Amino acid sequence: MALLDILIYPDSRLHNKAKPVAQVDSRIQKLIDDMSETMYTAPGIGLAAPQVNVPERIIVVDISDKKDSLLAMVNPEIISSEGEDEHEEGCLSVPGVYAPVKRYKKIRVQALDKDGNSFELDAEGLLGVCIQHEIDHLDGKVFVDYLSHLKQDRIKKKMQKSMRHS
Ligand code: GNR
Ligand code: NI
């Protein structure tokens with residue numbers, strides 16, 4: 001396995017739309033392993049392939065305390081949703097920044113698993129938030145895109161400053 005480098009906002013590659021995976025083969029399985037290792041090491045509760053500069057529709061999520069409940073989703077799609085709720089979010093691509101974002105309260109998601117088999121999942125709470133955050137990354141969206149332009153400008157400056165000092 002290998003640790004992958006995570007792109008940091010504002011990086012234009014975080015704003016590209018990712019392509020669907022045509023076939024879940026050994027290349028995709030290895031990428032899922034490397035993404036999982038990268039997520040657990042960060043540490044984070046989710047990671048989307050575009051964050052590690054792979055423009056394909058793959059996400060990994062694990063919200064468990066013991067880090068033993070890995071969920072890998074290829075070509076995930078929200079097939080139904082209910083309600084709205086606001087949660088504080090953070091992102092490995094925007095380190096040190098936290099802000100509330102409005103999301104669906106409940107979602108039903110369809111995806112392919114690591115073996116290429118289709119499955120559906122109902123999610124709410126932190127799992128639902130995290131899956132919506134990751135699917136946004138596949139569509140080229142970062143959570144700060146939902147904030148005011150003034151806040152976005154402040155965050156960009158903060159990120160550029162921290163890059164200069166690292
Ligand atoms: O580690 C993460 N924590 C988190 C907290 C609240 C809402 C969303 C997230 S996802 C984030 C990891 C990440 O950046 N995934 O893209
Ligand atoms: Ni993120």
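The values are calculated or read from the model by the stated rules, or taken from the named source; none is laboratory data. Worth saying up front: this structure is predicted, and the values here are computed from it rather than measured. Neighbour counts run over all protein chains shown; Cβ positions are idealised from the backbone, glycine included. The area values use the complete protein model at the heavy-atom level, side chains included, leaving out ligands, DNA and RNA. Shrake-Rupley method; radii C 1.70, N 1.55, O 1.52, S 1.80 Å.
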Skip the ligands, DNA and RNA, and give the accessible area per residue of the range 48-166 with a 1.4 Å probe, whole Å².
54
Under a crude label model (7 Å from the Cα following the beta-carbon direction), how far is Y98 from K158 in nanometres?
1.1
Violating pairs (Cα-Cα greater than 18 angstrom) within the set K67/K105; K66/K106; K106/K151; K102/K141; K17/K157:
K67/K105; K66/K106; K106/K151; K17/K157
Cα-based reach from K30 at 16 Å (exclusive), listing lysines while leaving out same-chain residues under 8 positions away:
K114
Treating only Lys and Arg (+1) and Asp and Glu (-1) as charged, each at its beta carbon, one finds that the range 24-69 has a dipole about its Cα centre, in Debye to the nearest 20, of 80
For the chain, with the dipole built from +1 on Lys and Arg beta-carbon atoms and -1 on Asp and Glu ones, taken about the Cα centre, which of M163, L3, N117 lies farthest toward the positive end?
M163
Using helices alone, I'd like the mean residue ellipticity at 222 nm for the chain: each DSSP H run of four-plus residues gives -39500 (n - 2.57), total over residue count, nearest 500.
-9000 deg cm²/dmol
With T = 37 °C, eta = 0.692 mPa s and Kirkwood Rh from C-alpha pairs, the Stokes-Einstein D of the range 1-67 in µm²/s is about 266
Gain on full stretching of the segment that runs from S81 to S118 - 0.36 nm per residue minus C-alpha separation:
11.4 nm
Approximate shape of the range 61-166 as ellipsoid semi-axes (Cα gyration tensor, √5λ), whole Å, largest first:
28, 16, 13
Can you tell which of I45, S64, M35 lies farthest toward the positive end of the dipole of the range 8-92, using +1 and -1 charges on the Cβ of basic and acidic side chains (Lys, Arg; Asp, Glu)?
M35
May I ask you to list the aspartates and glutamates whose Cα is less than 16 Å away from that of K19, ignoring any residue fewer than eight positions away on the same chain?
E56, E77, E134, D136, D139
Hey, got the dipole for the chain? About the Cα centre, +1 on K and R Cβ, -1 on D and E Cβ, debye to the nearest 20?
860
